[in-house]
Amino acid sequence: MAAVSLAGKRVLLVVSGSVAAYKALELARLLGKAGAEVTGLLTAGGARFVTPHALQAITGRPLATDLWSLEEEAERGHIRLARSQDLVVVAPASADRLARMAAGLADDLAGAVLLAWGGPVLVAPAMNPSMWSHPATGANVATLMARGVTFIGPDDGPMAEAESGVGRLSEPPAIFAAIAAILEDPDHGAPDAALEAALDAAIAGITGEAEAPRAATTSDSSFTASAGPPAEAAAHHVPPNTAHASSFSASFSPAAAGNGDAASHAVAGTLPGGLPLSGKRVLVTSGPTHEPLDPVRYIANRSSGKQGHAIAAALAALGAEVVLVSGPVTVPDPAGVDVRRIEAARDMLAACEAALPVDAAVCAAAVADWRPAEAATQKMKKGEDQAAPPLALVPNPDILATLSRHASRPRLVVGFAAETEKVVEHARAKLARKGCDWIVANDVSGDAMGGDANTVHLVTPGGVEDWPRLPKGEVAARLADRIAEALH
Ligand code: C5P
């Protein structure tokens, strides 16, 4: 984490009323240490748990607290405050704050700023487990996710009220990692000019104020060209570059895609009921396989498991019961997912078959195509003549093809195809050869393997969708979205 630089990045940290608000001070410290310019915004509830003085002292910048303060309004103004950021983080986000955000209430400074802001929002909820699992909170979370808001947590664990369950604020390093993942994503969006104009109109309507036109230079972030009809953009408040076209658009913490140790705290699988994949069971394979040569040596590949694990987390975030069959990886297990660890391809196949029946299977693992014909039971020794032993290989079972033709075939089978050339052409051929329904073809000529971003094409019998280069978490969220649509 020490290596992460957020120099020059402006983060508005909204601290709402939760006993976990004290952790926001640690988060502000981590952000400041990484060079971010943090402005604290304390809600009335938040101010009951941390003092304005503490937050202001740690951020080293004037604090925002009151929508109606003449002094604050004159110095900064809530619209200007909203527009001079790269990211708005709500941590902790209480149940009440989520409800206010979902409803678009603007009766306090945090509400007004969130409504005026058109860029990325990261929310770290914290509340009692019963409040988190209440359908009202579930509906609010789903609404916010559909608008492109990214969530991290809440985590499972002991609560302040001597209870235990899902509702704990994610730890500050995990929230920091999620913030860094968003800010380091080259595509992360500042509000575009058309959206800004539409927001001007919308906000003037809400506040009854006329806002002076804003110069496009108030943020260092580059402003992109209009992405759509301004009126529509204003109505949905969709942050550019995080918007999804479909109805179940669910974002999840980029940290859950395995961007670092802190990611283990990102719980994406514990959202309250009524979600698009509730009641559906999905199998995901992820990571490489290790094919033993002897007890200490094996054949493997460079797959990190980041994409497969992110898909498992994204499916769980939409309410699916997920079985993740994973080869050896170092990325953390996604929370709320049944993870079954294996090493070799044959074990992966057995674990997948044991997980059937499922509604859908996503084979994202980089399964070794061949394995040594025989694995020595003792460590192979160098002979006197130092000659290399012969290496005979035999093909591994094809898990994707086996599942596609299985007696208990999942309704939807999705494969991956890592290609360095003729990506779509090869993927089409693979679709037919393997008998699966969709192929996510990824271009691995760059740094996709082991990297944090992916450029993919979704190849279905109906056609090809070219997706832009996206963080793996976002690819996962879009795919989970599409799977939810297909299973409905
Ligand atoms: O044939 P190829 O390895 O390119 O196919 C990639 C797709 O097939 C991926 O979805 C991968 O998970 C799956 N696969 C498999 N079992 C294998 C080889 C590949 O499930 N033995």
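With respect to residue 364, determine if the residue is at pLDDT 95 or above and open to solvent by less than 60 Å² (accessible area, probe 1.4 Å).
yes
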Boolean, residue 380 is open to solvent by less than 70 Å² (accessible area, probe 1.4 Å) and more than 13 Å from the ligand (Cβ to nearest atom) = yes
message = So, residue 427, is that one within 13 Å of the ligand (Cβ to nearest atom), more than 17 Å from residue 283 (Cα to Cα) and within 26 Å of the chain's Cα centre (by Cα) or not?
response = yes
Of all residues making up segment 94-105, the number that are open to solvent by 30 Å² or more (accessible area, probe 1.4 Å) and among the hydrophobic types (A, V, I, L, M, F, W, C) = 3
task = Identify the residue in segment 394-423 that is more than 8 Å from the ligand (Cβ to nearest atom) and touching a Gly at 6+ places or on another chain (Cβ under 6 Å) and, among all such residues, is nearest to residue 453 (Cα to Cα).
result = 404
query = When segment 113-131 is examined, which residues are found to be assigned to a helix (DSSP H, G or I) and open to solvent by 10 Å² or more (accessible area, probe 1.4 Å)?
reply = 114, 115, 129, 130, 131
query = If we scan segment 133-147, do we find a residue that is assigned to a loop (DSSP other than H, G, I, E, B), in contact with a Ser or Thr (Cβ under 8 Å, 6 or more places away or on another chain) and farther than 25 Å from residue 31 by Cβ?
reply = no
message = With the structure loaded, tell me whether residue 137 is surrounded by fewer than 24 Cβ atoms within 10 Å (Cβ to Cβ) and of a type outside the set (D, E, K, R) or whether it fails that test.
response = yes
request  = Mind listing just one residue for me: the one in segment 361-377 that is within 12 Å of the ligand (Cβ to nearest atom) and aliphatic (A, V, I, L, M) and, of those, nearest to residue 296 (Cα to Cα)?
outcome  = 368
message = For segment 413-427, which positions are open to solvent by 10 Å² or more (accessible area, probe 1.4 Å) and at pLDDT 95 or above?
response = 416
ask   = Quick one: what pairs do we get from segment 159-170, first residue within 11 Å of residue 127 (Cβ to Cβ), second among the acidic types (Asp, Glu), C-beta under 9 Å, 6+ apart or different chains?
value = 165/156; 166/155; 166/156; 167/155; 167/156; 168/155; 168/156; 169/155
note = Being surrounded by fewer than 22 Cβ atoms within 10 Å (Cβ to Cβ) and in contact with a helix residue (DSSP H, G or I) (Cβ under 9 Å, 6 or more places away or on another chain) narrows 294, 338 down to just 338
ask   = Which one is farthest from the ligand (Cβ to nearest atom) among residues in segment 342-354 that are open to solvent by 40 Å² or more (accessible area, probe 1.4 Å) and not in a loop (DSSP other than H, G, I, E, B)?
value = 354
query = In the list 390, 357, which residue meets the criterion of being more than 14 Å from the ligand (Cβ to nearest atom), more than 31 Å from the chain's Cα centre (by Cα) and surrounded by fewer than 22 Cβ atoms within 10 Å (Cβ to Cβ)?
reply = 390
Condition check for residue 456: within 18 Å of residue 305 (Cβ to Cβ) and of a type outside the set (Lys, Arg) = yes
ask   = Tell me, which strands (runs of 3 or more DSSP E) wholly within segment 371-488 include 2 or more residues that are in contact with an Asp or Glu (Cβ under 7 Å, 6 or more places away or on another chain)?
value = 412-419, 438-443, 456-460
request  = Looking only at segment 439-447, decide whether some residue is within 29 Å of residue 330 (Cβ to Cβ), open to solvent by less than 40 Å² (accessible area, probe 1.4 Å) and away from the ligand (no atom under 13 Å from the Cβ).
outcome  = no
remark   = Among (1) in the same structural domain as residue 358 (by TED's automatic domain parsing); (2) open to solvent by 30 Å² or more (accessible area, probe 1.4 Å); (3) more than 31 Å from the chain's Cα centre (by Cα); (4) not charged (D, E, K, R), residue 471 falls short only on (3)
message = Pairs needed: first member in segment 410-437, polar (S, T, N, Q); second member anywhere, in a loop (DSSP other than H, G, I, E, B) and more than 9 Å from the ligand (Cβ to nearest atom); C-beta distance under 7 Å; at least 6 residues apart or different chains.
response = 420/444; 420/445
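The values are calculated or read from the model by the stated rules, or taken from the named source; none is laboratory data. Here the structure is a predicted model, which means the values were calculated and not measured. Note that we place each Cβ from the backbone using ideal geometry, even for glycine, and neighbour counts take in every protein chain shown. Heavy atoms of the whole protein, side chains included, go into the accessibility calculation; ligands, DNA and RNA do not. Shrake-Rupley method; radii C 1.70, N 1.55, O 1.52, S 1.80 Å.
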